[in-house]
Amino acid sequence: MGARDDAAAATLRGLPAVHELATALAAPHSLAVAAARLAIEEERADRRAGARARDDLTARARELLEALAQPSLRRVINATGVILHTNLGRAPLAQAAREAVARAAEGYSNLELDLDTGERGSRQAHVEDLLTQLTGAASAMVVNNGAAAVLLAACALAGPGRAIVVSRGQLVEIGGGFRIPEVIAASGARLIEVGTTNRTRLRDYERALEEHPGEIGAIMRVHPSNFRTIGFVEAVPVEALCRLETPVIDDIGSGVVAEAALVPALNDEPGLRRSVAAGAALVCCSGDKLLGGPQAGVLVGHSDAVAAARAHPLARAVRIDKLSLAALEATLKLYREPERAVVEIPALAMLSASEAKLRVRAERLRSGIGPAAVPVRCAGTAGGGALPLLELEGPGVALAAEGEGGPVALARALRGAAIPVLARIHEGRVVLNPRTLADDEIDLAVDAVREALRP
Ligand SMILES: *Cc1c(COP(=O)(O)O)cnc(C)c1O
């Protein structure tokens, strides 16, 4: 053995065996062994890198044990100001929706049972009336997300052997690789493109209908959710398309049900009611964007079109689960009282939070954190591919990141908190935006920041 090997062996001297350390942890065997192994490997790497031996390796193993015992899917605090943050689960649920999920999760439920007759029922029955009442549609159904709603609509109204007409300005990618031409291809229908990227006129659709008699199953209209075109642009309003006597699938994306009068920001997003009133055969939207509910896809429209969607074999593959259904029913119920909806549905409340309310929250953050926090103005956004031009200005706090590693290290430490806090880095500082914090999350955020700033 050379001198260098001797030195290496000396640095590793005194490391316990995995089973010894695991026994000291008093935890279920496999978890204890995993934590002990991690602690020893970490210690070995540290010492090789020249660090001094740790005083208490058992304490470190206990920390790692705690981390291993944590669920992978956890609650986090969103201080980014992005309301429908796709990476953070999009719309947070209203309290009524959370309670409904807990009740549905408690035991069995009447998911597909008619309690009057004792016969088999439909899971759609729990939301159909709510959706038709709220939107004015003749019929409605829900599936597991917005993408599934669009795919099912294309399959039900067109599919193999038939065609779907789409404006070239609406052959968009929504995100996560969801591209309209590919969705139509997946339905088996042929895509007929009309118009140009910037301008499509009614005459373009009419010509397609004349040139392909009997082949066209539907005209699809897609809301360009996450971008806007400006300048020399023209698109055909849904009302004009619906007069063409061909079923219209209107993918409106984020699904506004709220009264725009109560949340002015929503004026720039298409609402379900308008497309229904125009006469679209199927209007599709997401449940967890501006509707503010759980992940779900909504289809409302003509009775025969909804019946075709329900009867299609794909409907079973994209059906909604009972927990999401419970949350969706409770969320939709809140909309029966429009004033209550904009207060109790978190996404809507965040969108319309007043300057005064945000200032109170920002001040609580600032005073709780102490001198490291300074008041700033910051910009929130709707996120979730909705209202891409909307900038929600408001008060926030910026953190002085004096420690080694600067703001990146501080943001990382915040993500490592017991309840991780997600913040944005803007102009070299970590910024906390109170718009996306619930009132009862302020103290949790303060604790996490103070912990992360501790030298
Ligand atoms: C978001 C969106 C979808 C997909 O909805 P998910 O609920 O994310 O599956 C489809 N079309 C449009 C126009 C959208 O904005």
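The values are calculated or read from the model by the stated rules, or taken from the named source; none is laboratory data. Owing to the predicted nature of the structure, the values given are computational and were not obtained by experimental measurement. Cβ coordinates were reconstructed from backbone atoms using ideal geometry, including for glycine residues, and neighbour counts include every protein chain displayed. Protein only, heavy atoms only, side chains kept; ligands, DNA and RNA dropped before computing areas. Shrake-Rupley method; radii C 1.70, N 1.55, O 1.52, S 1.80 Å.
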Hits in segment 216-241 (condition: among the hydrophobic types (A, V, I, L, M, F, W, C) and within 24 Å of residue 287 (Cβ to Cβ)):
218, 220, 222, 227, 238
The one condition in (1) open to solvent by less than 40 Å² (accessible area, probe 1.4 Å); (2) within 16 Å of the ligand (Cβ to nearest atom) that residue 93 fails to fulfil
(1)
Selected residue (only one of 245, 259, 269, 234 is among the acidic types (Asp, Glu), open to solvent by 30 Å² or more (accessible area, probe 1.4 Å) and under 21 Å from residue 172 (Cα atoms)):
234
Six or more apart or on different chains, Cβ atoms under 6 Å: show the pairs whose first residue is in segment 150-161 and under 10 Å from residue 249 (Cα atoms) and whose second is open to solvent by 20 Å² or more (accessible area, probe 1.4 Å).
157/247
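Please verify whether segment 174-184 includes one or more residues that are within 16 Å of the ligand (Cβ to nearest atom) and either touching a Lys or Arg at 6+ places or on another chain (Cβ under 7 Å) or more than 25 Å from residue 289 (Cβ to Cβ) (or both).
No, segment 174-184 has no match at all.
Here's the yes/no breakdown for (1) outside the structural domain of residue 257 (by TED's automatic domain parsing); (2) within 12 Å of the ligand (Cβ to nearest atom); (3) farther than 24 Å from residue 95 by Cα; (4) open to solvent by 10 Å² or more (accessible area, probe 1.4 Å):
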{"residue": "279", "(1), (2), (3), (4)": "no, no, yes, yes"}
{"residue": "284", "(1), (2), (3), (4)": "no, yes, yes, no"}
{"residue": "287", "(1), (2), (3), (4)": "no, yes, no, no"}
{"residue": "293", "(1), (2), (3), (4)": "no, yes, no, no"}
{"residue": "296", "(1), (2), (3), (4)": "no, yes, no, no"}
{"residue": "306", "(1), (2), (3), (4)": "no, no, yes, no"}
{"residue": "311", "(1), (2), (3), (4)": "no, no, yes, yes"}
{"residue": "317", "(1), (2), (3), (4)": "no, no, yes, yes"}
{"residue": "323", "(1), (2), (3), (4)": "no, no, no, yes"}
Within segment 54-80, tally of residues that are open to solvent by less than 50 Å² (accessible area, probe 1.4 Å), farther than 30 Å from residue 396 by Cα and among the hydrophobic types (A, V, I, L, M, F, W, C):
5
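Test residue 12 against the stated conditions and say whether it is of a type outside the set (Gly, Ala, Ser), modelled with pLDDT under 90 and touching a Lys or Arg at 6+ places or on another chain (Cβ under 9 Å).
It is true that residue 12 is of a type outside the set (Gly, Ala, Ser), modelled with pLDDT under 90 and touching a Lys or Arg at 6+ places or on another chain (Cβ under 9 Å).
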Taking the criterion of being among the hydroxyl-bearing types (Ser, Thr, Tyr) and not in a strand (DSSP E or B), would at least one residue in segment 281-294 satisfy it?
no
How many of the residues making up segment 201-222 are crowded, with 16+ Cβ neighbours inside 10 Å and within 14 Å of residue 168 (Cβ to Cβ)?
8
Name every residue in segment 141-155 that is within 11 Å of the ligand (Cβ to nearest atom) and touching a strand residue (DSSP E or B) at 6+ places or on another chain (Cβ under 8 Å), in order of residue number.
143, 144, 145, 146, 147, 148, 149, 150, 153
Restricting attention to segment 133-141, does a residue exist that is within 19 Å of residue 242 (Cα to Cα) and touching a Pro at 6+ places or on another chain (Cβ under 9 Å)?
no
Kindly evaluate residue 171 against the criterion of being within 16 Å of the ligand (Cβ to nearest atom) and without any contact (Cβ under 8 Å) to a residue 60 or more places away in the chain.
yes
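Can we say residue 313 is under 30 Å from residue 109 (Cβ atoms), without any contact (Cβ under 8 Å) to a residue 12 or more places away in the chain and not aromatic (Phe, Trp, Tyr)?
yes
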Residue 257 passes all but one of (1) of a type in the set (Val, Ile, Thr); (2) more than 16 Å from the ligand (Cβ to nearest atom); (3) in contact with a Phe, Trp or Tyr (Cβ under 7 Å, 6 or more places away or on another chain); which number fails?
(2)
